[in-house]
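Notes to accompany the following structure.
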Amino acid sequence: MNAPSSAKQKIEKLRVALRDHDYRYYVLSQPSVSDSEYDQLMNELIALERQYPLLITPDSPSQRVGGEPTKEFPTVTHEVPMLSLSNTYSEDELLNFDRRVKELIGDQQYRFVAELKIDGVAISLIYRNGIFMLGATRGDGTQGDEITNNLKTIRSIPLKAETGKGLPKDFEVRGEIFMTKKDFEAMNKKQEDLGEKTFVNARNTASGTLKLQDSKTVAQRRLRMFTYFLRTNDVKLTSHSENLQLLQKLGFVVNEHVRVCNTIADVKQYCDEWNVKRASLPYDIDGIVVKVDSIAQQQELGSVSKSPRWAIAYKYPAQQMETLLEAITLQVGRTGTITPVAELKPVFVSGSTVSRATLHNQDYINELDIRIGDSVFVEKGGDVIPKVAGVNLKKRAKSTVPFKFPTTCPACRSKIFRPEGEAAYYCENFECPAQVRGRIEHFAHRRAMNIEGLGEAVIDLLVNENLIHNIADIYALQKDRIAALERMGEKSAQNLLDGIEASKALPFSRVLFGLGIRFVGEGVAKLLADHFSDIGKLQSASQDDLIHIEGVGPRIAESVIRFFKDVHSLKLVERLSKSGVQMRAERKKITENPNIYGKTFVLTGGLLSMSREEAKERIESLGGKSVSSVSKKTDFVIVGSDAGSKLQKAIELGVKTISEDEFIRMIE
């Protein structure tokens with residue numbers, strides 16, 4: 001139905017009004033209408049858009065109410081990696097950070113920006129022509145989950161950014177999704193009234209909410225966002241403090257307690273001030289983020305590993321609570337590692353009730369002289385993982401005795417051993433039920449073989465019924481045997497078999513990761529798959545062959561060799577191969593491009609027309625080589641936005657630098 005001009009005008013008028021009310025409420029904290037008046041305007045807009053569906057646009061405020069459930073979240077590659085901050089816990093470490101900055105930038109004047117470290121979930125928002133187009137979680141820093149529909153329901157995220165002179169149109173914003181203490185308490189009160197399970201803490205609730213498949217449910221939870229990062233090529237960015245002001249002009253919420261500090265002493269004063277006042281905040285923080293203000297100096301300082309040199313997180317001491325250590329149990333991991341766990345009288349620590357905490361290993365227990373029956377101090381490492389941090393010796397009973405590791409595995413009663421130079425004990429039985437479960441869970445995980453329907457409960461069921469004893473048995477499962485199990489049935493059995501069959505198409509690198517070779521994570525698995533191309537070549541690789549691969553050190557090489565010398569491992573690999581699992585990397589089709597072929601490229605900064613991963617794939621598909629570090633052998637350094645230390649290195653070595661536009665012309 002064609003909409004009359006009066007309807008178009010009315011819809012646009014309602015949208016403008018609702019955007020203005022959102023801005024006043026979430027950005028300025030100055031609401032101009034009551035909730036009922038706001039709802040009335042929203043309902044009027046939704047009714048009109050239903051009448052004239054062709055007028056619905058992605059940036060309409062009506063799109064915040066949530067849509068149909070999604071089956072899964074696609075994986076997206078961040079155009080510029082979302083780095084994690086190095087942590088510091090003392091004034092001396094803060095002073096060392098200042099000293100390192102001074103050493104690296106010489107006699108230049110510099111200042112810092114100090115911000116509250118919100119205890120939330122980091123996300124990235126991409127805007128094109130001022131419209132919110134894509135939102136993703138941080139993930140592993142390189143790749144995250146695309147959760148655009150969930151993020152659209154959060155009213156402090158503008159669906160359409162402000163436009164005007166001096167404001168960018170294409171940009172990326174990063175920030176922290178969180179839930180206020182008040183909203184979290186109200187949510188738990190509602191759960192209690194319904195007789196349902198309450199949530200543990202605000203941070204975990206926010207994280208879990210963003211992972212929900214139904215955006216309508218997300219819309220009902222009062223998530224909020226503070227922004228702290230802006231990336232764009234539309235306007236020149238000179239300082240972090242000015243970027244925060246620009247974010248506010250664009251319509252984003254920036255935390256009001258940001259402070260520009262001229263010296264590290266000013267930073268320390270800010271940290272001390274908020275350590276005292278943090279309990280009064282309406283949301284949780286776990287420290288202070290300190291950043292060098294100048295963007296040019298940030299680029300000069302660059303990054304090391306996965307952390308920037310120009311920023312640091314000053315973490316507040318963890319809250320400690322005292323409780324009774326009732327028992328020490330032992331957990332067996334998929335690699336046979338045996339970890340002692342403290343069974344505690346439940347105690348409330350940093351936002352949640354804790355009844356279990358890690359004790360790390362026998363050396364840690366000996367060092368603190370931790371005994372069953374002790375009154376112990378419990379804290380959360382990084383405010384996340386509970387651990388026993390000490391013992392109240394004044395309350396120790398005379399009957400307590402030092403704890404000693406048993407000589408056999410708690411899961412299978414096989415002998416345990418402790419390798420020379422290591423702190424952990426290991427179970428030597430490859431078929432230990434606890435290890436079997438752990439290996440199968442790892443193999444079926446979505447980042448490995450992504451076998452839909454093979455979760456922990458189903459794995460326990462299959463292992464307990466002796467249907468699977470190792471990862472190769474997964475591919476020998478039969479429908480009638482699965483369907484006969486309790487809580488399964490024909491449909492569940494078929495869904496599981498479909499998930500198993502689909503996993504056979506996953507690339508060789510995912511299989512390598514799924515094998516669970518010690519120290520071989522996703523990144524190393526991809527390196528090995530790219531270099532050796534099939535399982536046979538990897539099996540026969542020597543120590544020298546392995547350590548010559550950039551990113552593979554002696555420890556990883558020794559672990560890989562040890563794995564392929566093991567008889568059990570070789571049998572598993574042979575069975576997996578016969579089952580049809582990919583044991584060979586797909587050969588990349590190369591189209592020779594004279595501009596690219598045989599040349600070595602390094603990428604620095606973010607690209608707007610494609611992701612860094614896509615750029616690497618284009619280079620390799622045209623016969624070029626993409627490497628991570630600049631050397632005299634590098635032919636070109638592709639310079640994107642927010643280029644780091646690699647640009648400076650290229651200039652020093654006289655390596656040719658090219659822009660994104662020049663690179664595109666080369667590949668076309």
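The values are calculated or read from the model by the stated rules, or taken from the named source; none is laboratory data. Being a predicted model, the structure only gives us computed values, none of them experimental. Virtual Cβ from ideal backbone geometry, glycine too; neighbours counted across all protein chains shown.
General remarks:
- Selection within region 554-578 - small (G, A, S) and within 25 Å of E428 (Cα to Cα): A557, S559, S569
- Scan region 346-363 for residues that are within 30 Å of E422 (Cα to Cα) and not in a strand (DSSP E or B) and the total you get is 5.
- Matching residues in region 384-407 - criterion: being touching a strand residue (DSSP E or B) at 6+ places or on another chain (Cβ under 6 Å) and exposed (fewer than 14 other Cβ atoms within 10 Å of the Cβ): N392, K395
- Members of region 483-492 found to be out of contact with any Gly (no Cβ under 9 Å at 6 or more places or on another chain) and without any contact (Cβ under 8 Å) to a residue 24 or more places away in the chain, listed by number: A484, G489, E490, K491
- Checking each residue in region 61-79 for being at pLDDT 75 or above and under 20 Å from T217 (Cα atoms) picks out F73, P74.
- Any hit, region 557-568, residues being within 33 Å of the chain's Cα centre (by Cα) and either acidic (D, E) or exposed (fewer than 12 other Cβ atoms within 10 Å of the Cβ) (or both): yes
- You will find that of K291, K249, the residue that is at pLDDT 90 or above, outside any loop (DSSP other than H, G, I, E, B), within 29 Å of T205 (Cα to Cα) and touching an Asp or Glu at 6+ places or on another chain (Cβ under 8 Å) is K291 and no other.
- Lone unmet requirement of (1) in contact (Cβ under 8 Å) with a residue 40 or more places away in the chain; (2) among the hydroxyl-bearing types (S, T, Y); (3) surrounded by fewer than 22 Cβ atoms within 10 Å (Cβ to Cβ) for T137: (3)
- Residue, nearest to the chain's Cα centre (by Cα), within region 602-626, restricted to residues that are farther than 23 Å from Q298 by Cα and part of a strand (DSSP E or B): S626
- Any hit, region 607-614, residues being within 18 Å of V80 (Cα to Cα) and either at pLDDT 80 or above or exposed (fewer than 15 other Cβ atoms within 10 Å of the Cβ) (or both): yes
- Residue within region 147-161 that is of a type outside the set (S, T, N, Q) and surrounded by fewer than 18 Cβ atoms within 10 Å (Cβ to Cβ) present: no
- Check on K526, free of Cβ contacts under 8 Å to residues at least 24 places away in the same chain, touching a Ser or Thr at 6+ places or on another chain (Cβ under 8 Å), of a type in the set (D, E, K, R) and not in a loop (DSSP other than H, G, I, E, B): yes
- Against the numbered list (1) over 17 Å from I123 (Cβ atoms); (2) assigned to a loop (DSSP other than H, G, I, E, B), N275 comes up short only at (2).
- Residue count for region 240-253 under the criterion of being in contact (Cβ under 8 Å) with a residue 60 or more places away in the chain and either under 23 Å from L608 (Cα atoms) or not assigned by TED's automatic domain parsing to the domain that holds S294 (or both): the result is 9.
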